[in-house]
Each structure stands twice: as C-alpha cells, then as structure tokens.
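Let me begin by presenting the structure, written as structure tokens, before commenting on it.
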Amino acid sequence: MTVRVDKWLWAVRAHKTRTAATAACNAGRVKVNDEVAKAATKLDIGDTVESRKGDQVMVYRVTTLIEKRVGAKQAAECYEDHSPPRPSRSAVLPPPGGARERGMGRPTKRDRRRIDELRGRR
C-alpha cells in the first residue's frame, strides 16, 4: 500500500487541512527522502518526510501509512518525530509590543521592516 504525501501529512495532523498540505507540496516546502515532493508523491514505510511551516521544520519517519485523519494519539503512532527543537520565542522575537530602549522614540520605517521580518510577516 502507498499513500500520497499530502494525504499523509493531513492525516497525521502536520497540516490543518489537506488543501494546506497540498499547497505546501506545490510551494516546494515538503521533501521526501531529501527530494522536493509533489502532492501526489507516494510514501512507503521508512520514508523520511520533511515539511516546513514558517520557521518550523518538521522531520518525520513514516512508520504507518494512513489516508484518513485520526485522533492525535493515533496519529502520533504513525511516525517517528526527528524534528529539531524550535528556537525559543524570546530568542527570535523582540519583546511584546516591540518595546525599545527608553528614549529611543518611535521605530523608523527601517526598524519596523526589521521587526516584521523577525516576526515572519514578510
């Protein structure tokens, strides 16, 4: 039995919708065995699936092939998670509200663009 990578990513709850999983594949953010995968790429047990969502990289090793979305506990049994740890939010983002040192005034346009870049809005 083989399963499409977009269906599998949706079924194991890596993406909220199958449409989102398909869009990630079409955008080149999904790799199967270190090769960029289209949505229709077939998975086998033992394959490695890497999916990027924003700054988060998820790396899974397929242990069970499923096509239908299941509960979170059952979904967690269908893969081995080899994802790198996420960076702490405090290391990536400026303080809430874009707080700056006292007396620095309002952020300039250049500063706002840098803040937006750090927050992943660009």
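The values are calculated or read from the model by the stated rules, or taken from the named source; none is laboratory data. Keep in mind that this is a model prediction, so the values were computed, not measured. Ideal geometry is used to build each Cβ from the backbone, glycine not excepted, and the neighbour counts take in all protein chains shown.
Can you say whether K109 is exposed (fewer than 13 other Cβ atoms within 10 Å of the Cβ), modelled with pLDDT of 85 or more and not assigned by TED's automatic domain parsing to the domain that holds K16, as far as the supplied structure shows?
Considered against the rule, which asks whether it is exposed (fewer than 13 other Cβ atoms within 10 Å of the Cβ), modelled with pLDDT of 85 or more and not assigned by TED's automatic domain parsing to the domain that holds K16, K109 comes out as yes.
Out of T63, T48, I need the residue that is at pLDDT 90 or above and farther than 30 Å from L118 by Cα. Which one?
Of the residues listed, the single one that is at pLDDT 90 or above and farther than 30 Å from L118 by Cα is T63.
List pairs: first in region 100-122 and within 24 Å of D55 (Cα to Cα), second of a type in the set (D, E) and modelled with pLDDT of 85 or more, Cβ under 7 Å, 6+ apart or cross-chain?
Once the first residue is within 24 Å of D55 (Cα to Cα) and sits in region 100-122, its partners that are of a type in the set (D, E) and modelled with pLDDT of 85 or more give R122/D116.
Restricting region 1-13 to residues that are surrounded by fewer than 21 Cβ atoms within 10 Å (Cβ to Cβ) and among the aliphatic types (A, V, I, L, M), which is nearest to V49 (Cα to Cα)?
Filtering first and then ranking leaves V3.
Suppose the filter is among the β-branched types (V, I, T), without any contact (Cβ under 8 Å) to a residue 60 or more places away in the chain, loosely packed, with under 13 Cβ neighbours inside 10 Å and more than 23 Å from P85 (Cα to Cα); does T41 pass it?
Against the criterion (among the β-branched types (V, I, T), without any contact (Cβ under 8 Å) to a residue 60 or more places away in the chain, loosely packed, with under 13 Cβ neighbours inside 10 Å and more than 23 Å from P85 (Cα to Cα)), T41 does not qualify.
Quick grid of which residues meet (1) in a loop (DSSP other than H, G, I, E, B); (2) surrounded by 10 or more Cβ atoms within 10 Å (Cβ to Cβ); (3) at pLDDT 90 or above; (4) small (G, A, S):
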{"position": "P94", "(1), (2), (3), (4)": "yes, yes, no, no"}
{"position": "R102", "(1), (2), (3), (4)": "yes, no, no, no"}
{"position": "R114", "(1), (2), (3), (4)": "no, yes, no, no"}
{"position": "L118", "(1), (2), (3), (4)": "no, yes, no, no"}
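How about region 52-80: which of its residues are loosely packed, with under 13 Cβ neighbours inside 10 Å and free of Cβ contacts under 8 Å to residues at least 12 places away in the same chain?
G71, K73
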